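Have a look at the structure below before the remarks.
Coordinate-derived values only; no laboratory data. Since this is a predicted model, take the numbers as computed values, not measurements. Neighbour counts are summed over all protein chains in view; Cβ atoms, including those assigned to glycine, are modelled from backbone coordinates with ideal geometry.
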Amino acid sequence: MRGRLVLNGTTEVRGSLGEISATHVSLATAIWLQTMVPLTAGDTVELQGYFRVADGYFAADHTSFWGNKIG
């Protein structure tokens, strides 16, 4: 499973690419993406991901996005 964060639907957020290739034991696998990017009003951040071997999906209602205002 591989994932990345994309800003405003076009620009990959630098440092956000992550991948996990371990064996799926519980039929649920997590991928941790962590980076910092400056956002302005109206910006969107989305998760883009894919599976190389098995079929799967990224559950939208189990995704967390955390942010902090600096300054």
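If you look at the Cα atoms of the chain, you get an Rg and a Dmax of 13.5, 44 Å. Label-to-label distance, Ala59 versus Ala41, with points set 7 angstrom from Cα along the beta-carbon direction: 3.6 nm. Only Lys, Arg, Asp and Glu carry charge here, each on its Cβ (+1 for the first two, -1 for the last two); on that basis the chain has a dipole of about 180 debye about its Cα centre. The mean sequence distance of close C-alpha pairs (under 8 Å, at least 6 residues apart), as a share of the length of region 1-66, puts its relative contact order at 41 percent.
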